[in-house]
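Chemist: Below are the structure tokens for one structure; questions will follow.
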Ligand SMILES: *[C@@H]1O[C@H](CO)[C@@H](O)[C@H](O)[C@H]1NC(C)=O
């Protein structure tokens, strides 16, 4: 209980430190104004996770050790697959009882291009 509170505080501080000073001051009433001022500089990169590198898992499926019944699917919130890739199961890591998902090109079906 105490520990999770501490983690939460650390996380909050970390996020706050990453937000530029002028954005932190913005409240909901000013948001409209803020948006109109910053559409050119912030819209592309600010609120989207980056694209996962090839070796970076995009998700995990935690399963029960013996039955391998999937109990929980976890997606990586730090990065996502690009539009041309799918997040698919690539590894079965029995040491952590989870299927590991990686981004893989989604062009295997009938999307041949020339
Ligand atoms: C997790 O994802 C798999 C594959 O997409 C699906 O079959 C399963 O029902 C999901 N399980 C949960 C708990 O979301």
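Chemist: How much length would be gained if the chain were fully extended between residue 51 and residue 67, taking 0.36 nm per residue of separation minus their Cα-Cα distance, in nm to one decimal?
Modeler: Length gained, residue 51 through residue 67: 2.5 nm.
Chemist: Taking neighbour Cβ counts within 10 Å as the exposure measure, how do 95, 90 sort from fewest upward?
Modeler: 95, 90
Chemist: Next question. Starting with the fewest neighbours, write out 54, 68 ranked by other beta-carbon atoms found within 10 Å of each beta-carbon. Before the final figure, lay out each step's value.
Modeler: Numbers: 54 8, 68 13.
If I rank by nearby Cβ atoms, fewest first, I get 54, 68.
Every read-out reported here was derived from the displayed coordinates using simple, explicitly stated rules and does not represent laboratory data. Quick caveat, the model's predicted, so the values are computed rather than measured. In this analysis, Cβ positions are derived from the backbone assuming ideal geometry, glycine residues included, and neighbour counts consider all displayed protein chains.
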